[in-house]
Amino acid sequence: MSSPRASPSGRQQGRNAREHSQPEYPYYISPFEPSQNLSEIAPIKMLYNLMCHLPPTLRAAYFIISIAIYKQEKSKAKHEFIAAEISGPHQSQSTFLVVERTPQETSFSGARRTLCSRNFVAARDTVISLDRPTFDNLIRQRSAKLLQTFSFHRLPSCSAFLAVHFCRLIASISKYREDYVLSSTSCYWFAGMIMATVEEYFPVERKSGSREAAGRYNNMTFFMPDPDAMCSVKANYDARMIDEERLQRLLHKMTRRNGEETLVYQLALSSEERETFLSAEMNT
(Lines give C-alpha, C1' and ligand atoms only; values in the text may rest on other atoms or scores of the structure.)
Protein backbone atom coordinates (compact mmCIF):
# COMPACT_ATOMS: atom_id res chain seq x y z
CA MET A 1 0.00 0.00 0.00
CA SER A 2 1.46 3.33 -1.03
CA SER A 3 1.92 6.04 1.53
CA PRO A 4 -0.47 8.99 1.36
CA ARG A 5 0.71 12.01 -0.56
CA ALA A 6 1.73 15.02 1.46
CA SER A 7 -0.77 17.82 1.56
CA PRO A 8 0.20 21.19 0.11
CA SER A 9 0.52 22.57 3.61
CA GLY A 10 2.86 19.68 4.48
CA ARG A 11 5.08 20.39 1.49
CA GLN A 12 5.16 24.04 2.45
CA GLN A 13 6.14 23.15 6.00
CA GLY A 14 8.97 20.95 4.70
CA ARG A 15 10.19 23.74 2.45
CA ASN A 16 10.13 26.19 5.35
CA ALA A 17 12.09 23.75 7.52
CA ARG A 18 14.77 23.40 4.83
CA GLU A 19 15.03 27.16 4.47
CA HIS A 20 15.48 27.62 8.21
CA SER A 21 18.15 24.92 8.27
CA GLN A 22 20.30 26.83 5.77
CA PRO A 23 23.06 29.12 7.04
CA GLU A 24 22.17 32.76 7.50
CA TYR A 25 24.43 33.77 4.60
CA PRO A 26 24.61 32.07 1.20
CA TYR A 27 27.71 29.96 0.50
CA TYR A 28 27.95 31.09 -3.11
CA ILE A 29 29.33 34.49 -2.08
CA SER A 30 33.02 33.73 -2.46
CA PRO A 31 35.85 35.76 -3.96
CA PHE A 32 37.95 32.62 -4.40
CA GLU A 33 36.21 30.81 -7.25
CA PRO A 34 39.14 29.40 -9.27
CA SER A 35 39.54 30.30 -12.92
CA GLN A 36 41.12 28.41 -15.79
CA ASN A 37 41.63 31.63 -17.74
CA LEU A 38 45.04 33.11 -16.95
CA SER A 39 43.90 36.54 -18.15
CA GLU A 40 41.21 36.92 -15.47
CA ILE A 41 43.36 38.92 -13.09
CA ALA A 42 41.83 41.51 -10.78
CA PRO A 43 43.10 44.40 -8.66
CA ILE A 44 43.94 43.48 -5.08
CA LYS A 45 41.50 46.18 -3.95
CA MET A 46 38.64 44.25 -5.58
CA LEU A 47 39.50 40.99 -3.83
CA TYR A 48 39.82 42.78 -0.50
CA ASN A 49 36.46 44.49 -0.99
CA LEU A 50 34.79 41.11 -1.57
CA MET A 51 36.61 39.58 1.38
CA CYS A 52 35.38 42.35 3.68
CA HIS A 53 31.78 41.42 2.96
CA LEU A 54 32.06 37.73 3.75
CA PRO A 55 30.23 36.86 6.98
CA PRO A 56 32.35 35.79 9.95
CA THR A 57 31.41 32.10 9.59
CA LEU A 58 32.91 31.96 6.10
CA ARG A 59 35.81 34.28 6.84
CA ALA A 60 37.02 32.29 9.82
CA ALA A 61 36.06 28.67 9.35
CA TYR A 62 36.26 27.90 5.66
CA PHE A 63 39.05 29.84 3.95
CA ILE A 64 42.44 29.00 5.43
CA ILE A 65 45.90 29.69 3.98
CA SER A 66 47.83 26.43 4.18
CA ILE A 67 50.97 27.42 2.23
CA ALA A 68 52.58 30.69 1.08
CA ILE A 69 55.07 30.30 -1.77
CA TYR A 70 57.75 32.77 -2.88
CA LYS A 71 58.57 32.43 -6.61
CA GLN A 72 61.12 34.00 -8.92
CA GLU A 73 61.02 33.77 -12.70
CA LYS A 74 64.16 32.62 -14.49
CA SER A 75 63.80 35.36 -17.08
CA LYS A 76 66.27 38.24 -17.36
CA ALA A 77 64.09 40.51 -15.22
CA LYS A 78 63.74 37.79 -12.53
CA HIS A 79 60.20 38.90 -11.73
CA GLU A 80 59.03 37.78 -8.28
CA PHE A 81 55.55 36.94 -7.04
CA ILE A 82 53.70 35.19 -4.22
CA ALA A 83 51.27 32.28 -4.37
CA ALA A 84 49.02 31.26 -1.49
CA GLU A 85 47.19 27.93 -1.28
CA ILE A 86 43.65 28.21 0.12
CA SER A 87 41.59 25.39 1.60
CA GLY A 88 37.87 26.13 1.47
CA PRO A 89 34.44 24.52 1.82
CA HIS A 90 33.25 21.87 -0.63
CA GLN A 91 36.54 21.93 -2.55
CA SER A 92 37.88 18.75 -4.14
CA GLN A 93 41.23 20.49 -4.66
CA SER A 94 43.00 23.57 -3.42
CA THR A 95 42.75 27.04 -4.89
CA PHE A 96 45.83 29.20 -5.42
CA LEU A 97 45.96 32.98 -5.22
CA VAL A 98 48.79 34.43 -7.31
CA VAL A 99 49.69 37.93 -6.10
CA GLU A 100 52.15 40.23 -7.85
CA ARG A 101 53.18 43.80 -8.62
CA THR A 102 53.98 45.16 -12.07
CA PRO A 103 54.23 48.72 -13.42
CA GLN A 104 51.17 50.32 -15.00
CA GLU A 105 53.30 51.03 -18.06
CA THR A 106 53.06 48.21 -20.57
CA SER A 107 56.80 48.03 -21.28
CA PHE A 108 59.36 47.15 -18.64
CA SER A 109 61.74 49.69 -20.18
CA GLY A 110 59.46 52.46 -18.90
CA ALA A 111 59.86 51.17 -15.37
CA ARG A 112 63.63 50.71 -15.79
CA ARG A 113 64.05 54.43 -16.42
CA THR A 114 62.86 55.14 -12.88
CA LEU A 115 66.06 53.49 -11.59
CA CYS A 116 68.06 56.44 -12.88
CA SER A 117 65.64 59.25 -12.00
CA ARG A 118 63.22 60.42 -9.37
CA ASN A 119 60.24 59.79 -11.63
CA PHE A 120 57.95 56.88 -10.93
CA VAL A 121 55.00 55.07 -12.44
CA ALA A 122 51.89 53.79 -10.71
CA ALA A 123 52.06 50.22 -9.46
CA ARG A 124 49.65 47.58 -10.72
CA ASP A 125 49.00 45.13 -7.87
CA THR A 126 46.90 42.17 -8.98
CA VAL A 127 45.63 38.79 -7.89
CA ILE A 128 44.26 35.79 -9.77
CA SER A 129 42.54 32.72 -8.35
CA LEU A 130 43.52 29.42 -10.01
CA ASP A 131 42.85 25.74 -9.58
CA ARG A 132 45.80 23.36 -9.17
CA PRO A 133 46.25 22.32 -12.85
CA THR A 134 46.06 25.92 -14.09
CA PHE A 135 48.45 27.08 -11.38
CA ASP A 136 50.95 24.35 -12.29
CA ASN A 137 50.64 25.38 -15.93
CA LEU A 138 51.34 29.02 -15.01
CA ILE A 139 54.50 28.05 -13.12
CA ARG A 140 55.72 26.02 -16.11
CA GLN A 141 54.99 28.88 -18.52
CA ARG A 142 56.93 31.33 -16.37
CA SER A 143 59.77 28.93 -15.57
CA ALA A 144 59.52 30.11 -11.99
CA LYS A 145 61.82 28.65 -9.37
CA LEU A 146 60.96 28.25 -5.71
CA LEU A 147 62.69 30.57 -3.24
CA GLN A 148 60.84 29.97 0.00
CA THR A 149 57.77 28.24 1.42
CA PHE A 150 55.83 28.93 4.62
CA SER A 151 53.42 26.28 5.92
CA PHE A 152 50.54 27.03 8.30
CA HIS A 153 48.08 25.07 10.43
CA ARG A 154 45.42 23.55 8.17
CA LEU A 155 42.58 23.36 10.71
CA PRO A 156 40.42 26.30 11.86
CA SER A 157 41.84 27.50 15.16
CA CYS A 158 43.20 30.59 16.83
CA SER A 159 46.59 29.78 15.29
CA ALA A 160 45.34 29.41 11.72
CA PHE A 161 46.42 31.89 9.03
CA LEU A 162 43.12 32.81 7.44
CA ALA A 163 42.47 34.06 3.93
CA VAL A 164 41.01 37.23 5.43
CA HIS A 165 44.36 37.84 7.17
CA PHE A 166 46.21 37.40 3.88
CA CYS A 167 43.86 39.65 1.90
CA ARG A 168 44.01 42.33 4.57
CA LEU A 169 47.81 42.14 4.59
CA ILE A 170 48.37 42.40 0.84
CA ALA A 171 45.87 45.28 0.66
CA SER A 172 47.79 47.08 3.44
CA ILE A 173 51.14 46.59 1.67
CA SER A 174 49.65 47.71 -1.65
CA LYS A 175 48.26 50.86 -0.01
CA TYR A 176 51.51 51.66 1.82
CA ARG A 177 53.37 52.27 -1.44
CA GLU A 178 51.26 52.67 -4.57
CA ASP A 179 54.17 53.74 -6.78
CA TYR A 180 56.47 51.48 -8.78
CA VAL A 181 60.17 52.37 -8.58
CA LEU A 182 62.58 49.63 -9.62
CA SER A 183 65.15 50.55 -6.99
CA SER A 184 62.70 50.61 -4.07
CA THR A 185 59.06 49.56 -4.62
CA SER A 186 59.09 47.07 -7.50
CA CYS A 187 57.94 43.44 -7.55
CA TYR A 188 60.96 42.53 -5.42
CA TRP A 189 59.87 44.91 -2.67
CA PHE A 190 56.22 43.85 -2.87
CA ALA A 191 56.85 40.09 -2.72
CA GLY A 192 59.59 40.48 -0.13
CA MET A 193 57.39 42.64 2.10
CA ILE A 194 54.61 40.06 2.01
CA MET A 195 56.86 37.23 3.13
CA ALA A 196 58.79 39.29 5.68
CA THR A 197 55.59 40.65 7.27
CA VAL A 198 53.96 37.22 7.36
CA GLU A 199 57.04 35.81 9.06
CA GLU A 200 57.10 38.66 11.59
CA TYR A 201 53.45 38.82 12.59
CA PHE A 202 51.73 35.52 11.77
CA PRO A 203 52.07 31.92 13.02
CA VAL A 204 54.30 30.16 10.50
CA GLU A 205 54.41 26.46 11.36
CA ARG A 206 57.24 25.38 9.05
CA LYS A 207 59.72 27.16 6.78
CA SER A 208 61.76 25.84 3.88
CA GLY A 209 64.06 27.56 1.42
CA SER A 210 65.61 30.99 1.77
CA ARG A 211 65.15 34.58 0.63
CA GLU A 212 68.88 35.10 0.10
CA ALA A 213 68.53 35.06 -3.70
CA ALA A 214 65.39 37.24 -3.68
CA GLY A 215 65.14 40.90 -4.59
CA ARG A 216 68.13 40.94 -6.91
CA TYR A 217 68.42 42.38 -10.40
CA ASN A 218 71.66 42.98 -12.37
CA ASN A 219 73.68 41.91 -9.31
CA MET A 220 72.02 44.56 -7.15
CA THR A 221 69.70 43.94 -4.19
CA PHE A 222 66.42 45.85 -4.25
CA PHE A 223 64.78 44.66 -1.06
CA MET A 224 65.86 44.44 2.53
CA PRO A 225 63.29 44.07 5.35
CA ASP A 226 62.53 47.53 6.76
CA PRO A 227 61.21 47.39 10.36
CA ASP A 228 59.65 50.87 10.11
CA ALA A 229 57.80 49.99 6.91
CA MET A 230 56.60 46.71 8.41
CA CYS A 231 55.30 48.55 11.51
CA SER A 232 53.41 51.00 9.28
CA VAL A 233 51.91 48.12 7.29
CA LYS A 234 50.86 46.40 10.53
CA ALA A 235 49.21 49.64 11.75
CA ASN A 236 47.25 49.86 8.50
CA TYR A 237 46.35 46.17 8.87
CA ASP A 238 44.97 46.79 12.38
CA ALA A 239 42.99 49.85 11.23
CA ARG A 240 41.45 47.83 8.40
CA MET A 241 40.45 45.11 10.85
CA ILE A 242 38.54 47.65 12.96
CA ASP A 243 36.76 49.03 9.87
CA GLU A 244 35.86 45.49 8.78
CA GLU A 245 34.28 44.79 12.18
CA ARG A 246 32.16 47.93 11.85
CA LEU A 247 31.14 46.91 8.34
CA GLN A 248 30.28 43.39 9.52
CA ARG A 249 28.00 44.78 12.25
CA LEU A 250 26.28 46.96 9.69
CA LEU A 251 25.85 44.11 7.21
CA HIS A 252 24.48 41.86 9.92
CA LYS A 253 21.87 44.43 10.90
CA MET A 254 20.82 45.09 7.32
CA THR A 255 20.72 41.42 6.39
CA ARG A 256 18.51 40.52 9.32
CA ARG A 257 16.18 43.37 8.43
CA ASN A 258 16.00 42.98 4.67
CA GLY A 259 17.10 39.44 3.90
CA GLU A 260 19.75 37.88 1.69
CA GLU A 261 19.32 40.26 -1.23
CA THR A 262 20.78 43.15 0.74
CA LEU A 263 24.08 41.34 1.32
CA VAL A 264 24.39 40.51 -2.36
CA TYR A 265 23.79 44.18 -3.14
CA GLN A 266 26.42 45.22 -0.62
CA LEU A 267 29.07 43.33 -2.58
CA ALA A 268 28.74 45.90 -5.36
CA LEU A 269 29.19 48.94 -3.12
CA SER A 270 31.87 51.41 -4.10
CA SER A 271 34.43 52.46 -1.51
CA GLU A 272 32.69 55.86 -1.20
CA GLU A 273 29.30 54.22 -0.54
CA ARG A 274 30.86 51.88 2.00
CA GLU A 275 32.42 54.83 3.84
CA THR A 276 28.98 56.48 3.98
CA PHE A 277 27.52 53.36 5.58
CA LEU A 278 30.43 53.11 8.03
CA SER A 279 30.01 56.77 9.04
CA ALA A 280 26.31 56.18 9.64
CA GLU A 281 27.16 53.11 11.74
CA MET A 282 29.51 55.13 13.94
CA ASN A 283 26.78 57.72 14.60
CA THR A 284 24.18 55.15 15.74
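With respect to the cross-link table entries LYS71/LYS207; LYS45/LYS234; LYS45/LYS76; LYS45/LYS145; LYS207/LYS234, which display a Cα-Cα separation exceeding 25 Å? Don't jump to the answer; show the numbers that get you there.
Numbers: LYS71/LYS207 14 Å; LYS45/LYS234 17 Å; LYS45/LYS76 29 Å; LYS45/LYS145 27 Å; LYS207/LYS234 22 Å.
Listed pairs above 25 Å: LYS45/LYS76; LYS45/LYS145.
Amide H of SER35 versus every other amide H placed in the peptide plane: which residues, excluding those fewer than 5 positions away on the same chain, fall under 5 Å?
The list, which skips near neighbours in sequence, is SER129, LEU130, ASP131.
Can you tell me the order of 48-54, 222-228, 163-169 when each peptide is scored by its average per-residue count of other Cβ atoms within 10 angstrom, highest first?
Highest mean packing first, the order is 163-169, 48-54, 222-228.
By how many nm would the segment from ALA77 to LYS207 grow when fully extended, if each residue of separation counts as 0.36 nm and the alpha-carbon distance is taken off? Kindly include the intermediate steps, with their values, before the conclusion.
On the way: separation 130, 0.36 × 130 = 46.80 nm, distance 2.61 nm.
Taking 0.36 nm per residue and subtracting the Cα distance, the gain is 44.2 nm.
List every residue whose amide H lies under 5 Å from the amide H of VAL121, counting only residues 5 or more places away in sequence or on a different chain, with H placed 1.01 Å from N in the peptide plane.
HN-HN under 5 Å from VAL121: TYR180.
Roughly how many Å² is the accessible area per residue of the stretch 182-243, as a whole number, for a 1.4 Å probe?
Heavy-atom SASA per residue in the stretch 182-243 reads 49 Å².
The values are calculated or read from the model by the stated rules, or taken from the named source; none is laboratory data. Since this is a predicted model, take the numbers as computed values, not measurements. FYI the Cβ positions are ideal-geometry reconstructions off the backbone, even for glycines, and counts take in every protein chain you see. Quick note on the areas: whole protein, heavy atoms, side chains included, nothing else; ligands and nucleic acids left out. Shrake-Rupley method; radii C 1.70, N 1.55, O 1.52, S 1.80 Å.
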